[in-house]
């Protein structure tokens with residue numbers, strides 16, 4: 001009986017591990033998404049140019065997953081998957097399609113993400129950012145403490 005109880009607790013902890021929106025927020029920060037898309041996800045000017053608003057995106061989960069995994073060739077949106085462009089899963093292209101074309105070659109992210117992190121990031125974007133207005137609660141959650149920025153909301 002003791003082992004059965006341990007087994008159920010173990011299964012429940014595995015199923016819930018990584019599923020919290022706070023894990024997705026941590027990935028958003030770890031991947032440095034906020035450096036271009038800003039802390040609020042509305043995008044705007046940054047060191048990489050004008051980033052798209054992920055609050056206003058028309059992409060569904062699959063579209064977001066492809067952009068996160070593969071980036072956008074010819075732009076400053078990097079790819080976050082180690083498998084990107086090794087086969088044709090990214091827009092039907094591989095790195096060989098970009099040989100001699102440094103202008104359009106996909107850019108690697110500084111921090112690659114694994115499948116679990118990408119899934120958590122996409123869920124965070126869909127559940128907490130996409131189609132939602134910026135709220136004081138989200139602001140406080142992002143910064144983890146009271147901030148002057150949050151007081152203005």
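Observations on the structure shown:
- In terms of its C-alpha gyration tensor, the stretch 20-151 comes out prolate, because a/c is 1.5 or above and the ratio a/b outweighs b/c.
- Spread of Cα-to-Cα distances over 10 Å intervals beginning at zero, given as percent, for the stretch 54-131: 20, 49, 26, 5, 0
- With neighbours defined as other Cβ atoms within 10 Å of a residue's Cβ, the residues 126, 149 order from fewest to most as 149, 126.
- Of 33, 139, the sequence from fewest to most neighbouring Cβ atoms within 10 angstrom is 139, 33.
- Exposure proxy shown here: for 96, 75, the number of other Cβ atoms within 10 Å sets the order, fewest to most, as 96, 75.
Every number here is computed from the coordinates shown, using simple stated rules; none is lab data. Since this is a predicted model, take the numbers as computed values, not measurements. Note that we place each Cβ from the backbone using ideal geometry, even for glycine, and neighbour counts take in every protein chain shown.
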